[in-house]
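Novice: I have a structure here, written as structure tokens, and I will follow up with some questions on it.
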Amino acid sequence: MSKENGVIYRISGPVVTAVGISPRMYEVVRVGDEGLMGEVIELHGDQSVIQVYEETSGIKPGEPVIRTGQTLSVQLGPGLLTQIYDGIQRPLPKLEETMGVFITRGVDADGLDLERKWDFNAVVKKGDEISSGHVIGKVQETETIEHRVMVPPNVSGKVKSIKSGSFNITETVCELDDGTEIAMMQEWPVRHPRPFVQKYAPDVPLITGQRILDFLFPLAKGGTAGIPGPFGSGKTVTQQQLAKWSDAQIVVYIGCGERGNEMTEVLDEFPHLIDPNTNKPLMNRTVMIANTSNMPVAAREASVYTGITIAEYFRDMGYNVALMADSTSRWAEAMREISSRLEEMPGEEGYPAYLSSRLAEFYERAGRVQTLAGSDGSVSVIGAVSPPGGDISEPVSQGTLRIVKVFWGLDAGLARQRHFPAINWLNSYSLYPQALDQWYRDNIAPDFPEVRTEISTLLQIESELQEIVQLVGSDALPVDQQLTLEVARMIREFFLQQNAFHDVDTFSDLDLQYHMAKAILSFQEEAKKAIAGGAQLEDVVNVPARTDLMRGRFEKGYEDRISDLVSEMNKQIDASMEAN
Amino acid sequence: MSGKEYRTITDVKGPLVFLNKTEPVSYGEIVQLMLSDGSIKNGQVLDTSDEQVIVQVFEGTASVDRQTGVKFLGDVFKLPVSKGLIGRILDGAGRPRDGGPDIVADEMADIIGAAINPYSRQSPESFIQTGISAIDACTSLVRGQKLPIFSASGLPHNDIALQIARQAKLVGSDDDFVVVFCAMGITAEEYNFFVHDLERTGALENSALFVNLADDPAVERLITPRLALTAAEYLAFEHDYHVLVIYTDMTNYCESLRQIGAAREEVPGRRGYPGYMYTDLAMLYERAGLVKGKKGSITQFPILTMPGDDITHPIPDLSGYITEGQIVISRELHQKGIYPPINVLPSLSRLMNAGIGDGKTREDHKSVSDQLYAAYAQGRELRGLVAIVGEDALNERDLQLLKFADIFEDQFLRQSRDEDRSISEGTLDLAWKLLSNIDTKYLVRLDQKWIDKYHPTERSSSEEE
């Protein structure tokens, strides 16, 4: 690789133009005396346009620009988990060590610890034929996650020697007949999807423990979801809940252009969270990428690619990975900002014309796949969108909605009423239930899909009735419709509302969700009977046991008590009939 | 190299001056313009290349001509900082405005300010009692937060900001706040109002003011908040002060940003504001918080007036995405004669949960706040219904909620400009008293244990048993 040197010709914010080099597109270059990291994003005659990942003030025309010959890549290997990176895979704790609490520039840091020794256990032996993607050995990376060391891309052959033992990630652990040496670490260019054999249809749900999501608008493993929400509607909390509770083995959380304090809350909170399945710290299975809104915009643009490449890497080991990107709007804005610095012809609302194809390329990297090694792995992508003014007709929301299969429509109105999670049950949707119904029938209850349909129908009817109520008041409705309103209110207040900050209520497994939904339907049925038998609606609605049933969800052991609470409620409703 | 003076101006456009290529000039470098009448203007390099340098002139380009000398100072913009800033009034470019001597610098601080490593931040979690019930109960403020006031012309946002500055304190701590006040394009009258109030309460000695008034150069407004925040960072992270930064009016700042964008012929984004406004605002708002290993903190109160009361306007909209919530001032409440006219429904504090509860405010705070919101939101909705069908059509529950909305506005929101309510006895107990107007069975947001402990009537009855 020729390493010719060029010089800076022009600087305008994060965009630097260099002359005297002819790099490839997306090649990484070092800019200026301080060697700031940049990426070539446009070639124009003898000028190369570079987006720089660090603050550019104080840099002059005439300073050197040096080619590296490589495209923007991430280091992959043991040591990724528990790590906290910026947008270009520099570990933030390392940056703190070298430059203090403020991020200055010109500091390079490896994404992985190159010195640390890991216990490598070979799983192939001399003479085995191996090819790219095959697992050659295992490392217990954290208490809960076993890292499967894979053959790097474009490498195959017969094993000449392989050794177990304690190595750092750059030492050779395996040698092939043709002399190729394999270490635990590999690199992958972030803008290219990692290869796999085939994509499967999504037919297993990603369980999140959030009632409205799992029950009404489920996401499949390997699926894509969009959460557009106006500010203040609880989007971030919803995403954090997903990161905490979803049943993916690996969580990749990308804080893209978000608030520093909120990012800190996540960074503070995660290490203290206990994974409900293993009773070990949740951080053991998490990789975080934090690029706050005031960090350089070009690194923000790169952060989602860094994140999804890491997610794909774990997918290739056969894990289910959940990737949260918060927020893709900030990512799109980074593209817009750079595009405008390049003086490109703008598309809608100043966004570049390639916005929707970039969004599509990103979401297409999700999926449940057969890996090169032959196992199953998945990457589910949950992207938050922050539409300006909450208006989802804007380009980023629209570009996202065309691609994703699940839409969790957060609603500021609900948030204002303190209905959390503030997901609007009328305009949200999921296209997965059909594919997933068989799974629910087999694993939860044979009538699960029917119960769901009944619940969502009730909510639909309620919204129609509410329109009438707005005009004439609820007392004018016939008693059976008044009951429907009561039942729907119960669905909203008892089932859909879920307190993320309450120890018990924060997570409901699918069984409990199903029983809670059944409890509501049971109330409806009993109440109908009682009213037909002469009971007053008021008395039926106000039986104390129903309040106990509803409040009970805040107490531990609810799943064991719920059926008793339901029968007690039914008994009292029956009694209210006899009282008349 | 910084001594050289160039007379190579080719174009002057709005606040921008274009120069033919000189020697290499760095991006962001500070520039002095020597006018023929001997006066000096300051500027900053916005774009630099081998052929052309673009300079943004803070004081405006009036009387700049092709003979004007341009000197590049070889350094980026820096503010002299020291503890001596406290008690001083400076202009929008950091020069003394109070007739006092120059600031004796302990340090020259780069005003752009580096980003705080998110890993090095500390989570804000100390509750700040403002003494204003609407804020303390429903949008609780914590130290290190940035909570803007979304207001509109003709509303008393300044009174509220001042009341907060006056009353803000940590419960159970004597630490006082130092106020850094940053005025951007406000009128002399508003400015006097602030200064008089700070003087009246003796807070001026504990404040540093950076002032750019409506008739000061508009472009200067782009550096004024950066100076104020640089001072705040210095005081907080070098001298352990708890700093409260109030800046007003962000709308003027954004207009200046738009002006520069237009002069540079940039592709405009929404409503003509530049596409990088989000990042630009983030670089101000994100300079709030606490960092590991330092005692001080920066809490921000930006004030912005929403053009046409429109909360979806790019300025409040983008701000809302960066700040940790917002306090929304309502014209409707103001017209009803309620002070402070804070509409708690669209208002929000994103860090509230970290700062309230047992040991911080009171164990029942969260439940009470949720219940207040829910009841008030439903009560307000019912007002619309009543206007159509009359009160007779409402059931008992709805009637109680309707009545509650009125009481809430009249007794909970309303308080005098000097009334400093404590969180426990002043605000939360009042909330319970008002909530007791609603039948307990409708108070579904309240845990039974709080009802047993705090409800004014239920509590006593359970004690009698």
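Novice: Which whole number gives the average count of other chain Cβ atoms within 10 Å of the Cβ atoms across peptide B:45-54? Show your work: numbers first, answer last.
Specialist: Numbers: counts 3, 3, 5, 9, 8, 8, 3, 1, 2, 1.
Shielding by partners across B:45-54 averages 4.
Novice: List the trypsin sites (Lys or Arg not before Pro) in segment A:1-41 that DSSP assigns to loop (not H, G, I, E or B) and whose Cβ has at most 14 other Cβ atoms within 10 Å. Which are they?
Specialist: Hits after loop and neighbour filter: A:K3, A:R24.
Novice: Using only the alpha carbons of segment B:35-76, determine the length spanned along each of the three principal axes and report them from longest to shortest in whole angstroms.
Specialist: 29, 20, 16
Novice: Using the Karplus equation 6.51 cos²θ - 1.76 cosθ + 1.60 (θ = phi - 60°), what ³J(HN,Hα) coupling, rounded to whole Hz, does each residue of segment B:283-295 give in order, writing x for Gly and Pro?
Specialist: Values per residue, Gly and Pro as x: 6, 8, 4, 6, 7, 10, x, 10, 10, 4, x, 10, 7 Hz.
Novice: Could you point to the residue in B:T305, B:G337, B:S49 farthest towards the positive end of chain B's charge dipole, with +1 and -1 charges on the Cβ of Lys/Arg and Asp/Glu respectively?
Specialist: B:S49
Novice: Quick one: which of B:66-74, A:255-263 comes out on top by average Cβ neighbours within 10 Å, and what's the full order, highest first?
Specialist: In descending order of packing, they fall as A:255-263, B:66-74.
Novice: Please order A:T142, A:T68 by the number of other Cβ within 10 Å, starting at the fewest. Numbers along the way, then the final one.
Specialist: Values: A:T142 18, A:T68 15.
The most exposed by this proxy come first: A:T68, A:T142.
Novice: Right, something else. Among the listed pairs A:K94/B:K169; B:K146/B:K292; A:K235/A:K280; B:K366/B:K433; A:K280/B:K295, give every one whose C-alpha distance is greater than 24 Å.
Specialist: A:K94/B:K169; A:K235/A:K280; A:K280/B:K295
Novice: Follow-up question, since we're still on this one. With a point put 7 Å past each Cα toward its Cβ, work out how far A:A360 is from A:I461 in nm, to one decimal.
Specialist: 4.2 nm
Novice: If the reach is capped at under 16 angstrom between alpha carbons, list the lysines near A:K163, excluding any in the same chain fewer than eight residues apart.
Specialist: Reachable lysines: A:K117, A:K125, A:K126, A:K138.
Novice: If you consider only alpha-carbon coordinates, what radius of gyration and Dmax does the protein assembly as shown have, in Å?
Specialist: 30.7, 101
Novice: Let me ask something additional. In whole Hz and in residue order, list the ³J(HN,Hα) couplings for segment B:29-44 that follow from phi through the Karplus curve 6.51 cos²θ - 1.76 cosθ + 1.60, θ = phi - 60°; x for Gly and Pro.
Specialist: Taking θ as phi minus 60°, the curve returns 5, 8, 10, 10, 10, 9, 7, 5, 7, x, 7, 10, 10, 10, x, 8 Hz for segment B:29-44.
Novice: Binning at 5 Å from 0, report for segment B:264-352 what percent of all alpha-carbon pair distances ends up in each bin.
Specialist: All Cα pairs considered, the percentages come to 3, 11, 18, 20, 17, 13, 9, 6, 2, 0.
Novice: Percent of Cα-Cα pairs per 10 Å bin, from 0 to the last occupied bin, for chain B, please list those.
Specialist: With a bin width of 10 Å, the distribution comes to 4, 19, 27, 23, 14, 8, 4, 2, 0, 0.
Novice: Looking at segment A:367-453, which trypsin sites (Lys or Arg not before Pro) are DSSP coil and have at most 14 other C-beta atoms within 10 Å of their C-beta? Intermediate results must be reported in sequence, preceding the final value.
Specialist: Working: sites: A:R368, A:R402, A:K405, A:R416, A:R418, A:R441, A:R452; in loops: A:R402, A:K405, A:R418.
Within segment A:367-453, the qualifying trypsin sites (Lys or Arg not before Pro) (loop, at most 14 other Cβ atoms within 10 Å) are A:R402.
Novice: Here's a follow-up. Return the sequence-ordered ³J(HN,Hα) values of segment B:54-62 in whole Hz as given by the Karplus equation 6.51 cos²θ - 1.76 cosθ + 1.60 applied to θ = phi - 60°, using x for Gly and Pro.
Specialist: Taking θ as phi minus 60°, the curve returns 10, 10, 9, 9, 5, 8, x, 9, 3 Hz for segment B:54-62.
Novice: Which whole number gives the average, over all residues in B:375-386, of C-beta atoms from other chains lying within 10 Å of the residue C-beta?
Specialist: 2
Novice: Give me the aspartates and glutamates in straight-line cross-link reach of B:K83: C-alpha distance below 15 Å, same-chain residues under 8 apart excluded.
Specialist: B:D102, B:D106, B:E107, B:E205, B:E233, B:E238, B:D240
Novice: Here is a follow-up. For the protein assembly as shown, what is the percent of antiparallel DSSP beta bridges, rounded to the nearest 5?
Specialist: For the protein assembly as shown, the DSSP antiparallel bridge percentage is about 65.
Novice: Nearest-5 percent of antiparallel DSSP beta bridges in segment B:147-283?
Specialist: Beta bridges within segment B:147-283, antiparallel portion: roughly 5 percent.
Novice: Follow-up. When a footprinting reagent is the concern and you count Cβ atoms within 10 Å, what order do A:F523, A:F102 take, fewest first?
Specialist: Values: A:F523 26, A:F102 16.
In increasing order of surrounding Cβ atoms, one gets A:F102, A:F523.
Novice: Under 8 Å for C-alpha pairs, at least 6 residues apart: give me the relative contact order for chain A, rounded to a whole percent.
Specialist: Over chain A, the number comes to 13 percent.
Novice: What lysines could a cross-link reach from A:K60, if we take a straight Cα to Cα line under 23 Å and drop same-chain neighbours fewer than 8 places away?
Specialist: Straight-line reach from A:K60, under 23 Å: A:K3, B:K4, B:K21, B:K41, B:K71, B:K78.
Novice: With N residues in segment B:192-279, what two-decimal value do you get for its Cα radius of gyration over 2.2 N^0.38 Å?
Specialist: Here the Cα radius of gyration is 1.32 times the empirical estimate.
Novice: If you take each beta carbon of peptide B:308-315 and count the beta carbons of other chains within 10 angstrom, what is the mean?
Specialist: For this peptide, the per-residue mean of nearby foreign Cβ atoms is 2.
Novice: While we're looking at this one, here's another question. Hey, can you grab everything whose amide H is under 5 Å from the amide H of B:A115? Only 5+ residues off in sequence or another chain; H modelled, so Pro and N-termini drop out.
Specialist: A:I103
Novice: For segment B:127-176 and segment A:444-475, write down the distance between their C-alpha centroids in whole Å.
Specialist: Between the Cα centres of segment B:127-176 and segment A:444-475 lies a distance of 42 Å.
Novice: What do you get for Rg/Rh of segment B:127-171 when both radii come from the Cα atoms and Rh is the Kirkwood radius?
Specialist: Details: Rg = 10.6 Å, Rh = 11.1 Å.
In segment B:127-171, Rg relative to Rh is 0.96.
Novice: Grab the alpha carbons of segment A:326-452, take their convex hull, and tell me the volume per residue in Å³.
Specialist: Value for segment A:326-452: 147 Å³ per residue.
Novice: If I model a spin label at B:S173 and B:F18 as a point 7 Å from the Cα along the Cα→Cβ vector, what separation in nanometres do I get?
Specialist: According to this spin-label approximation, the distance is 5.3 nm.
Novice: Run through all the Cα pairs of segment B:365-450 and give the fraction in each 5 Å bin from 0, expressed as whole percent.
Specialist: 3, 14, 25, 23, 17, 10, 6, 2, 0
Novice: If you filter segment B:237-319 for GluC sites (Glu not before Pro), then keep DSSP loop positions with at most 15 other Cβ within 10 Å, what is left?
Specialist: Sites meeting the loop and neighbour criteria: B:E265.
Novice: Please state, as a whole number in µm²/s, the translational diffusion coefficient that the Stokes-Einstein equation yields for segment A:124-191 at 25 °C and 0.890 mPa s, with Rh defined as the Kirkwood radius across alpha carbon pairs.
Specialist: Translational diffusion coefficient: 198 µm²/s.
Novice: Debye sum, Cα scatterers, segment A:69-118, no solvent: what log₁₀ I/I(0) at q = 0.19, 0.24 1/Å?
Specialist: Debye intensities relative to I(0), on a log10 scale: -0.67, -0.98.
Novice: Also: Can you give the alpha-carbon Rg of segment A:116-233 over 2.2 N^0.38 Å, where N counts its residues?
Specialist: The value comes to 1.46.
Values in this text are rule-based calculations from the coordinates and carry no lab data. Please read all numbers here as calculations on a predicted model, not as lab measurements. With ideal geometry, Cβ positions are generated from the backbone for all residues, glycine too; neighbour counts draw on all protein chains shown.
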